[in-house]
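Q: Quick one: the structure is below, questions incoming.
The values are calculated or read from the model by the stated rules, or taken from the named source; none is laboratory data. Worth saying up front: this structure is predicted, and the values here are computed from it rather than measured. So basically every Cβ, Gly included, is an ideal-geometry build from the backbone, and we count neighbours across all protein chains shown.
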Amino acid sequence: MRIATFVPIAVSILIITLVSIPLLVGAIEDIYAYLAGLAGVIASWIGLYSSVIRPVLRKPEVRLEPMTSTVLFEPEEGSRTYLRMKVTNIGLTAAKNCVGRIVELRDEDNKQIPYDPLYFFWARQNDDVGYRPVTIYTGDSEFLDIARVSQRDMDFKLRVSTLGQPLPAGTLYMPIKQYFLKIAIYADDMSPFQAWYQVIVDPSSLKDTELRFVKEPGKKK
């Protein structure tokens, strides 16, 4: 049973139990005043739940699942492997204006790479068609593009919206190797989701490149 359903039921049962005890033991002298006070308590609880508790319990919540797909283009372009996140809304309300962005980038030696906190493209978005946030309804999923690996050019490129602005030198096309990414997901009325992922890559078999959830690199237990 979801907590948004369980909490009001449990609290209501608790209130009814507590206020029924004096009635059962005959400790109430003015039953009408007692019932009036009881009605006030119930009304206050309903108002508190509707305006404060319910919106918190029913806010959007996302779950991320790394995915990999290899696409074969024209022979002269070669194959490209795309690293994506399947973003699923497991909350009780729609995740509106949902965006994903890179918070931090490190190399395989855990050295930070200067990188602006840019937004990742959602699937089928690019600088030509434009970038826009999405709405993910309860139980639905959208795919967030993280990076692509070109098997012909042997390079690694993050799928981020630059809004026509240049990236720091050497970060548009990067060498194929292990990287650590801190990824964040934001949406209206949702607590931010942040997690670290590692790019696992085998230069001899680029189609096997994958994203893997990890703890913050270099952080002591």
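Q: In a strand (DSSP E or B), of a type in the set (Gly, Ala, Ser) and surrounded by 18 or more Cβ atoms within 10 Å (Cβ to Cβ) - does that describe any residue in region 75-84?
A: no
Q: Looking only at region 125-149, which residues are surrounded by fewer than 18 Cβ atoms within 10 Å (Cβ to Cβ) and not in a strand (DSSP E or B)?
A: Residues satisfying the conditions are 126, 127, 128, 129, 130, 131, 132, 133, 137, 138, 139, 140.
Q: Which of the residues spanning region 124-182 are of a type in the set (Phe, Trp, Tyr) and modelled with pLDDT under 80?
A: Residue satisfying the conditions is 173 alone.
Q: Please specify each residue of region 164-190 satisfying the condition of being small (Gly, Ala, Ser) and surrounded by 13 or more Cβ atoms within 10 Å (Cβ to Cβ).
A: 184, 187
Q: For the list (1) within 17 Å of residue 64 (Cα to Cα); (2) of a type outside the set (S, T, N, Q); (3) buried (at least 19 other Cβ atoms within 10 Å of the Cβ), I need the number of the one condition that residue 158 fails.
A: For residue 158, the failing item is (1).
Q: Would you call residue 215 among the basic types (Lys, Arg) and without any contact (Cβ under 8 Å) to a residue 40 or more places away in the chain?
A: Yes.
Q: Evaluate region 96-118: report whether one residue or more is touching a residue at least 24 places away in the same chain (Cβ under 8 Å), in contact with a Cys (Cβ under 9 Å, 6 or more places away or on another chain) and within 22 Å of residue 141 (Cβ to Cβ).
A: Looking through region 96-118, none of the residues is touching a residue at least 24 places away in the same chain (Cβ under 8 Å), in contact with a Cys (Cβ under 9 Å, 6 or more places away or on another chain) and within 22 Å of residue 141 (Cβ to Cβ).
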